[in-house]
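Beneath this line is the structure, given in structure tokens, with notes to follow.
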Amino acid sequence: MAVQRTFSIIKPDATNRNLTGAINAIFEKNGLRIVAQKRIEMTQKQAETFYAVHSERPFFGELVEFMTSAPVVVQVLEGENAVLKHREVMGATNPAEAAEGTVRKEFALSIGENSVHGSDSEENAAIEIAQFFSGNEIVG
Ligand code: DAT
Ligand code: MG
């Protein structure tokens, strides 16, 4: 498997609890390199666009409200098989189902406030990275 890039967000529940460094340490320990990173306040429009695939789901409104409730840290992570590796390190969407040692098992508060986002495919990673970063902001 080749070196890949994936898109990551440290979500408001985690930035509120000052967990950015703790979560980054887990990523780095697992071979994911942070090749771009910035702390932003996501706008309502950015959140709606980013989660457009979920726009018909009953939790969409609260998801957008949550993602705009406090700063987030958007990142590009790079490594061997990074998309799948990052998803494994994050753990299941619902922290009650997340494996021991994963970010969501350790830190997530609920299925909605689950600390991190990670792209689910290399194709979506490219789309998501382009939504938040220009090429010269990514330094591998
Ligand atoms: P993931 O973030 O693991 O890729 P997803 O793409 O299915 O999960 O959903 C995106 C986010 O939406 C998820 O991180 C939290 C929220 N969400 C998903 N299912 C939910 C539910 N049943 N109730 C509340 N929020 C939910
Ligand atoms: Mg998803």
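The values are calculated or read from the model by the stated rules, or taken from the named source; none is laboratory data. Predicted model, so just to flag it, every value in this text is computed and none were measured. Glycine gets a Cβ as well: all are built from the backbone with ideal geometry, and neighbour counts include every protein chain shown. Calculation scope for accessible area: heavy atoms of the full protein, side chains included, ligands and nucleic acids excluded. Shrake-Rupley method; radii C 1.70, N 1.55, O 1.52, S 1.80 Å.
Brief remarks follow.
- Within region 78-106, considering residues that are more than 21 Å from Asn18 (Cα to Cα) and part of a helix (DSSP H, G or I), the one most open to solvent (accessible area, probe 1.4 Å): Glu97
- The one condition from (1) among the aliphatic types (A, V, I, L, M); (2) open to solvent by 50 Å² or more (accessible area, probe 1.4 Å); (3) within 15 Å of ligand 2 (Cβ to nearest atom) that Leu109 does not meet is (3).
- Taking the conditions (1) open to solvent by 50 Å² or more (accessible area, probe 1.4 Å); (2) among the polar types (S, T, N, Q); (3) outside any loop (DSSP other than H, G, I, E, B); (4) more than 15 Å from ligand 2 (Cβ to nearest atom) in turn, Gln75 satisfies each one other than (1).
- If the condition is being in contact (Cβ under 8 Å) with a residue 24 or more places away in the chain, open to solvent by less than 70 Å² (accessible area, probe 1.4 Å) and aliphatic (A, V, I, L, M), then region 1-35 contributes Ala2, Ile9, Ile10, Ala14, Leu19, Ala22, Ile23, Ile26, Leu32, Ile34, Val35.
- Matching residues in region 112-140 - criterion: being within 13 Å of the chain's Cα centre (by Cα) and buried (at least 17 other Cβ atoms within 10 Å of the Cβ): Glu113, Asn114, Ser115, Val116, His117, Gly118, Ser119, Ala125, Glu128, Ile129, Phe132
- Taking each residue of region 53-73 that is farther than 11 Å from Glu41 by Cβ and within 11 Å of ligand 1 (Cβ to nearest atom) and looking for partners that are open to solvent by less than 50 Å² (accessible area, probe 1.4 Å) and of a type in the set (Lys, Arg) with beta-carbon atoms closer than 9 Å, six or more apart or interchain, yields Phe66/Lys11.
- Any hit, region 9-18, residues being over 27 Å from Ile138 (Cα atoms) and part of a helix (DSSP H, G or I): no
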